[in-house]
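Read through the structure below, which is laid out as structure tokens, and then see the notes.
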Amino acid sequence: MRSPLLLSCSRISKPIANPEPVSMMRRLIPILLVSAFLFLLFFFLIFIPLQVEHSYGQASSHLTLGQRYQYALRLFWYDGLLTQPAADSEQFFTVSEGEPTAAIAQRLQETGVILDSGAFLDYLTYTGLDTSIQAGAYQFAPNLSIVDVARSMQDITPLDVTFVVLPGWRIEEIAASLPTSGLVAEPDAFLLAARATLDYPFLDGAPGNEGFFLPDSYILPRSTDADGLVQALVSNFSLHLIPDLETGFSNQGLTVFQAVTLASMVERESVRTEEMPLIASVFLNRLYAGWKLDSDPTVQYAVGFEGNWWPNPLSTVDLEINSPFNTYLYPGLPPAPIANPSLEALNAVAFPSITDYYFFRARCDGSGWHNFSVTIEEHIQNGCD
């Protein structure tokens with residue numbers, strides 16, 4: 001017979017652990033790791049790029065797939081910084097032609113236009129706007145973000161525009177260029193202002209400002225009106241009228257107004273700048289001898305019309321037009337400049353070649369060069385058969 005104690009002890013046993021939960025956990029861990037990996041993969045490769053694209057637009061097509069992910073992650077990291085306003089006041093900023101984008105970004109940060117140059121550069125690169133920043137002068141409104149500044153620098157309406165006056169243009173040609181210049185000056189208003197002489201000593205007795213609009217590239221505010229444009233052009237002539245130039249005119253027996261008138265003829269007669277001093281010498285020799293100047297451009301000025309301000313060739317009827325500008329009929333200089341001469345033409349009159357030439361004629365090879373001669377016989381021989 002078993003002892004009651006042994007019987008009691010034999011009935012007490014340790015519970016056996018259930019292996020199912022442990023096994024299940026072991027199976028779940030890889031699944032959880034894979035799920036976490038897939039979630040992170042989705043988050044970084046799909047969610048972030050989609051979120052960035054939604055906020056800032058599509059990535060540049062010039063970026064590789066890897067670069068798109070890289071810059072999307074950067075923009076996601078910056079996030080609020082890209083849309084946070086910076087300067088609380090109006091800012092003026094100028095971008096030079098060919099200035100590196102990194103240098104522009106650094107200056108924008110230094111002047112307080114943007115908060116972070118790195119974020120600015122990453123946004124530009126991601127969107128592809130880094131290759132299309134426009135040179136010019138900007139006026140940034142207050143409280144612009146990095147995104148605002150970057151976008152505003154793509155389609156610039158600059159404070160200033162470049163206005164070009166070409167050598168040999170008459171005032172009507174300058175007026176015709178105004179509608180596409182970006183200036184507010186209107187053609188009719190400009191012509192009216194151009195024919196009303198400004199208060200400069202060299203314009204005493206002049207019928208207008210023709211001839212004194214120095215050919216050049218002008219940086220002008222868009223708000224420049226007709227009067228302001230005329231003032232700017234004549235002021236530039238005044239700045240270039242240095243004492244040496246005035247002395248040169250005086251040495252030829254010419255006032256400034258007479259010299260500009262002659263220079264306008266030299267400008268229109270010349271194709272090659274190098275020949276200007278020679279052509280000036282011919283006209284001066286004729287003036288000193290009391291001859292008529294016989295210059296086609298003066299007649300062209302008299303008979304020119306809208307759409308054809310410089311008719312060529314001239315007809316016999318044209319050459320007989322009764323106009324004080326017709327130097328085939330009237331001796332001496334025409335009553336006013338016929339165009340706006342370049343600084344080279346002005347210098348040619350102030351410092352002409354010393355020659356015995358009284359004639360010049362275009363060479364027959366179409367090169368733009370001229371043959372010069374002393375006598376009418378030589379001049380005739382230089383004609384084209």
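The values are calculated or read from the model by the stated rules, or taken from the named source; none is laboratory data. Source: prediction; values computed, not measured. Using ideal geometry, Cβ is built from the backbone for each residue, glycine included, and neighbour counts are taken over all protein chains shown. Just so you know, the surface numbers come from the protein's heavy atoms only, side chains and all, with ligands and any DNA or RNA stripped out. Shrake-Rupley method; radii C 1.70, N 1.55, O 1.52, S 1.80 Å.
A few comments on the model shown:
- Any hit, the range 67-88, residues being surrounded by fewer than 10 Cβ atoms within 10 Å (Cβ to Cβ), modelled with pLDDT of 80 or more and part of a helix (DSSP H, G or I): no
- The condition (being among the β-branched types (Val, Ile, Thr) and touching a Pro at 6+ places or on another chain (Cβ under 7 Å)) is satisfied by just one residue among 260, 271: 260.
- Among the residues listed as 314, 319, 293, the single one being among the aliphatic types (A, V, I, L, M), open to solvent by less than 40 Å² (accessible area, probe 1.4 Å) and either out of contact with any Pro (no Cβ under 8 Å at 6 or more places or on another chain) or over 19 Å from residue 339 (Cα atoms) (or both): 314
- Exactly one residue out of 133, 114 is modelled with pLDDT under 90, over 30 Å from residue 344 (Cβ atoms) and assigned to a loop (DSSP other than H, G, I, E, B): that is 133.
- Test: residue in the range 202-220 that is touching a Leu at 6+ places or on another chain (Cβ under 9 Å), open to solvent by 20 Å² or more (accessible area, probe 1.4 Å), among the aromatic types (Phe, Trp, Tyr) and more than 13 Å from residue 340 (Cα to Cα): yes
- Scope the range 171-185; condition part of a loop (DSSP other than H, G, I, E, B) and either β-branched (Val, Ile, Thr) or open to solvent by 10 Å² or more (accessible area, probe 1.4 Å) (or both); matching residues: 177, 181, 182, 183, 184
- The lone exception for residue 155 - which of (1) in a loop (DSSP other than H, G, I, E, B); (2) at pLDDT 90 or above it fails: (2)
- Listed conditions (1) under 34 Å from the mean Cα position of the chain (by Cα); (2) under 26 Å from residue 214 (Cβ atoms) are all met by residue 299, apart from (1).
- When 207, 221 are screened for being within 27 Å of the chain's Cα centre (by Cα) and more than 30 Å from residue 364 (Cα to Cα), only 221 passes.
- Test: residue in the range 148-165 that is surrounded by fewer than 16 Cβ atoms within 10 Å (Cβ to Cβ) and closer than 30 Å to residue 269 by Cβ: yes
- Some residue of the range 110-120 being of a type outside the set (S, T, N, Q), closer than 29 Å to residue 62 by Cα and loosely packed, with under 14 Cβ neighbours inside 10 Å: no
- Verdict on residue 198 being over 30 Å from residue 129 (Cβ atoms), surrounded by fewer than 16 Cβ atoms within 10 Å (Cβ to Cβ), free of Cβ contacts under 8 Å to residues at least 40 places away in the same chain and of a type in the set (A, V, I, L, M): no
- Verdict on residue 254 being in contact with a strand residue (DSSP E or B) (Cβ under 7 Å, 6 or more places away or on another chain) and either of a type in the set (A, V, I, L, M, F, W, C) or open to solvent by less than 30 Å² (accessible area, probe 1.4 Å) (or both): no
- Residue count for the range 262-290, restricted to those that are within 15 Å of residue 252 (Cα to Cα) and open to solvent by 40 Å² or more (accessible area, probe 1.4 Å): 5.
- Number of residues in the range 330-385 that are in contact (Cβ under 8 Å) with a residue 40 or more places away in the chain, of a type in the set (D, E, K, R) and within 16 Å of residue 296 (Cβ to Cβ) equals 0.
- Residue pairs whose Cβ atoms lie under 7 Å apart, separated by 6 or more positions or on different chains, with the first residue in the range 226-237 and in a helix (DSSP H, G or I) and modelled with pLDDT of 95 or more and the second open to solvent by 30 Å² or more (accessible area, probe 1.4 Å) and aromatic (Phe, Trp, Tyr), are 234/200.
- Subset of the range 86-126 [among the β-branched types (Val, Ile, Thr) and closer than 13 Å to residue 148 by Cα]: 113, 114
- In the range 348-375, the residues that are surrounded by 19 or more Cβ atoms within 10 Å (Cβ to Cβ) and within 33 Å of the chain's Cα centre (by Cα): 348, 349, 350
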